[in-house]
Amino acid sequence: MAERSFKSEVEKLRKGDGELFHGEGILAVTKGLLQSGVAYVGGYQGSPISHLMDVFADANELMQELGVHFEASASEASAAAMLAASVNYPLRGAVAWKSVVGTNVASDALSNIASGGVTGGALVIVGEDYGEGSSIMQERTHAFAMKSQMWLIDPRPNHSLIVDLVERSFELSEASHTPVLFEMRVRGCHQTGTFTARENRSPPLTVGEAAEAPHRDVDRIVLPPANFQHETEKIEHRWPAAVRFIQEHRLNEWFGTDADAEVGIIVQGGLFNTLNRALELIGISDSFGNAKLPVYVLNVTYPLIPDEVQDFCAGKRAVLVIEEGQPEFIEHELNTLIRRADLQTQVLGKAILPRAGEYTGAVLQDGVTRFLAQWAPDLAPASESESPAPLGPADVPARPAGFCTGCPERPIFSAMKLVQRELGQFHVSADIGCHLFSILPPFNIGNTTMGYGLGTAGASAFKPRDKRAIAIMGDGGFWHNGLTSGIGNAVFNKDDNLTIIVDNGYSAATGGQDILSSRAENAVRRTRHPIERAVRGIGVRWVRTLTRTYDVGGMRDMLREALTSKEKGPKVIVAQSECQLNRQRRVRPAMMKAVSAGKRVVRERFGVDPDTCTGDHSCIRLSGCPSLTIKPNPDPLREDPIAHVENSCVGCGVCGEVSHAAVLCPSFYKARIVINPTGWDRIRNRMRTSVIAAWQRWTHQSLARRAF
Amino acid sequence: MAGESLTRQRITIAILALGGEGGGVLAEWIAEVGRQQGYIAQSTSVPGVAQRTGATVYYIELYPEDHASVSGGEPILALMPVPGDVDIVIASELMEVGRAVLRGFVAEDRTTLIGSTHRVYAISEKSAMADGRASGERILDAAKRKARRFVAFDMNEIAEQHGSMISAVMFGALAGSGALSFPQAAFEQAIRAGGRAVASNLAAFEAGARALAGETGRPAEIHHLPAPTTKKGRAFLRRIHESLPEPAHAFAIHAVRRLMDYQDAAYAELYLERLTSVRELDTGEEDWRLTCETARYLALWMSYDDTIRVADLKVRASRFERVREEVRARPQDVLDVIEYMHPRLEEVCETLPAAIGRRILASGTLSSWLRPLFRKGRHVEITSIRWFVILALLSGMRRWRRTTLRYAIEQERILLWLNRIRSAARIDPATAAELVECQQLIKGYGDTFERGMSRFGLIMDVWETIKFEPDAAPTLRRLREAALADEAGTTLDGAIAELRFAS
């Protein structure tokens, strides 16, 4: 069960000719695919593409009706390889993933498909995870487009244009026999907007029909001598065909006035809205893009179109290139084109704009202002004096991401902290997934992260003498590649390290999608394949499964055993407990229903006694649950805030277990609240409370006597 | 803003919220109400890692449809807020109000800033070893100065009252602020159209709209001093007034009350004697700091938390009521309470008569034989008769507390500390006050208590070597702060090593 359901929204994908469609960017892309007669769709989740995968999954029924095949691929490599269907057959296919990491994973298959070329249109929708909110290295997909020669679309954030460009991308791909990368930026994925729909089209040829009539063309396979032929084809046929298509169909756009302009701006399509706002604030554009200088919008950022560039730059003293990220591939290419055209136009990009970092509205406002001041002073705004900042960064505490309330991964790291107290610090090779939050406060565990599913491989160089390295792997990463790249590798190379596999039942970090080992019933996928069986199958002998990670003491003991056992060879602990976010989504409505139906329901939560808590916060440093927080000390003699459990507590029990395992303090209590108690509950309760109340009445008098 | 014409038509709204607060739903509601009122509405966000407790920004732009249709069709709307160009900022928490100011979203000539004044503490604030809370005063002050209009109240409290997400209250505050000139019914319609928890959201929305009194934060709570209820209490009060300087009265009153409750009047008497012995050496510097701090920390040390005290606090009727209220158990629900207790052999022996306790702890065979019995933590169901009776009997051991090993140990420590304080006070009361404040390192139970005690001991060792030096006071302060800087004690060790090196 995914984090967000698009079940009701995907109904809108049925809209036909002339109907208005309103929704998020990812729905617009999906609608574009269906209008293009796509035959198959695949991909792998990861921000900002997770929700697009959820849309695909929720639209499965509609796709089946249309004869479109959809699958949730095992990895980006699987998804890219699926595009092989478009090599020999006129099948349009689209796959999606998070870039640049997903593109890294997929690059083997991508190189092959880019070399051999395609018959049917092949589209790779990449969610560019760059700038604010990104959790990955800041790199550019552009480099992949250049090295493999695939065309890169970076659409101006406008739904009608995005839908059109999806359809055009298939045509471009077919006209140039080249796969096309379609780049969606994070905000563009979730931007809401409106466009006029067209009718969905069933694929003219389905994947089933193609499989029934196989066709073979050895020239499309990357083997000598065909591979050398491919390179020539790329340069002599595919590239010119693409340039022709882009130019003829005017995929790039022009805004503003070109009358006698001495300066102009060239911008990546995805940044156009931000640029226009900057121009508005400078006072040289309006809300409709009527700028006082010409703006050339590259909806296709690779390849560039030499004629268009020459036309735009001719007669201008300078152009500003707005290109986010580095290296500045577009700027380099523009300089080459201008040199070849023998123009004297200055190309300014990174000389004026920051070399690194996101191009926000403020950055562009500053950059364009600097550019104008230098090259077109009559357009430049008067400079403003800046008032001093009323707050400094130190005044506002940072909020690093952390584990959710009741997360089953937290106790694993609490236990690791306890083990490290006994045995000293360990080298910890971390992995991609929610568990990576362990590197942040309050746990501060983890030395490196080398990529998804690569936790164990990242520890493989450590051949311990007497201190084993610890690797972390998520269940998502395990099935993505960790089983082979990590566990298989460790068996083969006789590793002696420990791998902890966090088996929470979902690909949790990407929004709770099902995977091979998910315990959930899934009508369209096969689940419930235990990780332990796979690990044993590949040859690990020391494997333990802990079915309740909340047992901090048990986890600590198991870790200690794995780290001190005499047995050689890779050790694997499978730590199982369901992702609490998904569990609550499932359990809470059911519980509320039972309560209102008058059924006996037991709710558990934790609390802290304010008069025994002394405000040391050891419990917070060992657990870090969002619902375990602090509040002012009610004791007039004490100053330090005390620990406090908020109502969002789901009663997972970790704070109690931690205070037990670490011998902390007796302040924690668990409250078990029986709603709609049975007759027996009530009788038992009456007996207990009568004894307790009698004693309390009696001591009350003695307390009053010795009172102040 | 610079250069931009007076025909600016757009309305820009940024929401700063934390994951799980319903910021996305709020953005949808705002876009929906905009659309109903004849605006083209666009919203965007950056989901991802931010949704797990991180801070995130949702951004909405509204553009009047009629203006768009006469001016050029589809307006180009931005996907992120630009400093100086945000009309309305809605922040779900006080530090997020600060973040909005810090990021420049709040402009004096434009921005209506709507913020909740409650706190959701960041992990750095929560995990500090003492008080790591950021200053809310500074944020409120900056918000008042920076915003064209600042609307602030505790939205979380209203959300809790109505069992809704804070987003509904924020939506109400937006409607009530009048920053968007739409009728209230239109806002309500957006909630209905959203179809999520409509009844509770509407109630919280209305409360949020009404709560808009323009106040910026709650007044500080005033602690009323307890009035004596017994003859002994009244006598103590008189004595405090007569023998102690006025600034120390509040602490001394709370302290006497606490120690009478903890042990008895004689114990409170002992406290006052000890306090007076320090007060006599105080010259009244810094508003009687030495006496005030001794009044506070001596009481805390004398009411050390032993097993008797913990049991006593756990079994009280007032505590049972507090738990019931805190976990929101309704009168018809049955409530069981389970304590997480971990008495080790040390704590058990310390509750025994001093001679016996000392003997067991000193004897290797005896303690190694007994220790396994206390290795595991216990789940103590205090609402069961069996466990309640055990804890009630333990709390009754208060009468024999003076015979316990722990009592002997703590009184010895207290006397040693007081002696140091008094001898320091004869030279310089300010240095003595620093010594007093070192007591704040000693807190908690089990491992935490031992860690604090050992650091206290380290600093006292240093004290013995520096006590005649002129800058002993700042050194003590620095060491105390170092002791609270990290859990492993590296900062303190470093500070001590530095001192040795310097001398």
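Brief remarks on what is shown
- Span-like helix criteria (full DSSP H runs; alpha carbon extent of at least 27 Å along the helix axis; mean Kyte-Doolittle hydropathy of at least -1.0) are satisfied in chain B by B:405-427, B:446-466.
- Under 12 Å from the B:SER200 label point (7 Å along Cα→beta-carbon), backbone N, segment A:634-652: A:648
- Among B:GLU280, B:GLU464, the order of accessible area from largest down is B:GLU280, B:GLU464, computed with a 1.4 Å probe on protein heavy atoms.
- Linear extension gain, B:ARG210 paired with B:GLU412, 0.36 nm per residue minus alpha-carbon span: 66.8 nm
- In terms of overall dimensions, the protein assembly as shown has a Cα radius of gyration and Dmax of 34.2, 107 angstrom.
- The trypsin sites (Lys or Arg not before Pro) of segment B:118-184 meeting both criteria, a DSSP state outside H, G, I, E and B (loop) and at most 15 other C-beta atoms within 10 angstrom of the site's C-beta, are B:ARG148.
- Tilt relative to chain A, helix A:679-705 - C-alpha long axis, 0 to 90 degrees, to 10: 70 degrees
- With a 10 Å cut-off around each Cβ of A:280-293, the average count of Cβ atoms from other chains is 5.
- Angle in degrees between helix A:159-176 and the longest Cα principal axis of chain A, rounded to the nearest 10: 60 degrees
- Per-residue mean of C-beta atoms belonging to partner chains within 10 Å, peptide A:357-366: 3
- Both radii are taken from the alpha-carbon atoms of chain B; with Rh as the Kirkwood radius, Rg/Rh is 1.08.
- Qualifying lysines (Cα of each under 16 Å from Cα of A:LYS292; at least 8 residues distant if same chain): A:LYS316
- Amide H contacts of A:VAL321 (H built 1.01 Å from N, under 5 Å, at least 5 apart or other chain): A:ILE266, A:LEU348, A:GLY349
- Two-decimal Rg/Rh across chain A, once Rg and the Kirkwood Rh are taken from alpha-carbon atoms: 1.04
- Here the scattering of segment B:11-210 is modelled by Debye summation over its C-alpha atoms, one equal scatterer each and no solvent; at q = 0.09, 0.19 Å⁻¹ the log10 of I(q)/I(0) is -0.32, -1.40.
- Within a straight-line Cα-Cα reach of under 20 Å, A:LYS566 can be paired with the following lysines, leaving aside sequence neighbours fewer than 8 residues apart in one chain: A:LYS463, A:LYS467, A:LYS494.
- With the charge dipole of segment B:10-71 set up from +1 on Lys and Arg Cβ and -1 on Asp and Glu Cβ about the Cα centre, the Cα lying farthest toward the positive end among the listed residues B:ALA55, B:GLY38, B:ALA17 is that of B:ALA55.
- Equivalent-ellipsoid semi-axes of segment A:253-375, from the Cα gyration tensor, Å, largest first: 20, 17, 13
- Global size of segment A:291-433 as Cα Rg and Dmax, reported in angstrom: 24.5, 73
- In segment A:600-676, inverting the average of 1/r over every pair of distinct C-alpha atoms gives 12.9 Å as the Kirkwood radius.
- Calculated [222 nm] ellipticity per residue, helices only, for the protein assembly as shown: -13500 deg cm²/dmol; basis is -39500 (n - 2.57) per DSSP H run with n ≥ 4, divided by all residues, nearest 500.
- Interchain or long-range residues, amide H under 5 Å from A:LEU152's placed H: A:LEU181, A:THR301, A:TYR302
- At most 14 other Cβ within 10 Å, DSSP loop - GluC sites (Glu not before Pro), segment B:19-120: B:GLU108
- Alpha-carbon centroid distance for the pair segment A:329-394 / segment A:435-503, whole angstrom: 44 Å
- Chain lengthening between A:MET592 and A:ASP108 when straightened (0.36 nm per residue, less Cα-Cα): 169.3 nm
- Rg over Rh for segment B:442-503 works out to 0.98, using Cα positions for both radii and the Kirkwood form for Rh.
- Farthest positive-ward along segment B:304-358 dipole, Cα basis, beta-carbon charges - from B:PRO343, B:ALA329, B:TYR304: B:ALA329
- The lysine pair count for chain B, using Cα distances under 24 Å and pairs eight or more places apart or on different chains, is 4.
- In this Cβ point-charge picture (+1 for Lys and Arg, -1 for Asp and Glu), the protein assembly as shown has a dipole of about 6260 debye about its Cα centre.
- Within segment B:11-210, percent of DSSP bridges classed antiparallel, to nearest 5: 55 percent
- Between 0 and 90°, nearest 10: helix A:239-248 axis offset from chain A longest Cα axis: 80 degrees
- Summing Lys and Arg as +1 and Asp and Glu as -1 over all other residues whose Cβ lies under 10 Å from the Cβ of A:ILE642 gives a net charge of -3.
- Cβ-based net charge around B:MET460, under 11 Å, with every Lys or Arg adding one and every Asp or Glu removing one: +2
- With the simple model of a label 7 Å out from the Cα in the direction of the Cβ, B:GLN184 to A:ARG201 spans 5.4 nm.
- Given +1 at the Cβ of Lys and Arg, -1 at the Cβ of Asp and Glu and no other charges, the dipole of segment A:600-676 around its Cα centre is 440 debye to the nearest 20.
The values are calculated or read from the model by the stated rules, or taken from the named source; none is laboratory data. The structure presented is a predicted model; accordingly, all values stated were derived computationally and were not measured. Counting neighbours? That spans all protein chains shown, and the Cβs are built from the backbone with ideal geometry, glycine included. When the accessible area is computed, the model is the full protein with side chains, heavy atoms only, and any ligands, DNA or RNA have been set aside. Shrake-Rupley method; radii C 1.70, N 1.55, O 1.52, S 1.80 Å.
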